[in-house]
Amino acid sequence: MGVSLSKMYKMTHRRELPVYKPSGGRVYLRREDINDYLSKNRLMSQDEIEKEAINYVIRNPRKH
């Protein structure tokens, strides 16, 4: 996933990721929780930005 163990520890310590401790000892993480966290701040590609701009102009014509 491209995230170091150290980074994962810091994220769980700051409670950015939920952890599971079924027996109170070891810490477990769900892959879905990690993927959700990593995809939160997605940046659009240049193509997506241009398409969104075109759609905005079409939906909001200038009023004279």
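The values are calculated or read from the model by the stated rules, or taken from the named source; none is laboratory data. Keep in mind it's a predicted model, so treat the numbers as computed, not measured. Here Cβ is always computed from backbone atoms with ideal geometry, including for glycine, and neighbour counts include all displayed protein chains.
Filtered by the rule that a residue be in contact with a Pro (Cβ under 8 Å, 6 or more places away or on another chain) and either among the aliphatic types (A, V, I, L, M) or assigned to a loop (DSSP other than H, G, I, E, B) (or both), the stretch 30-58 gives a lone residue, Arg30.
Yes or no, residue by residue, for (1) surrounded by fewer than 10 Cβ atoms within 10 Å (Cβ to Cβ); (2) modelled with pLDDT of 90 or more; (3) touching a Cys at 6+ places or on another chain (Cβ under 6 Å):
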| residue | (1), (2), (3) |
| --- | --- |
| Val3 | no, no, no |
| Met8 | no, no, no |
| Leu17 | no, no, no |
| Asp36 | no, no, no |
| Ser45 | yes, yes, no |
| Ile49 | no, yes, no |
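With respect to being assigned to a loop (DSSP other than H, G, I, E, B) and at pLDDT 90 or above, Pro61 falls outside the description.
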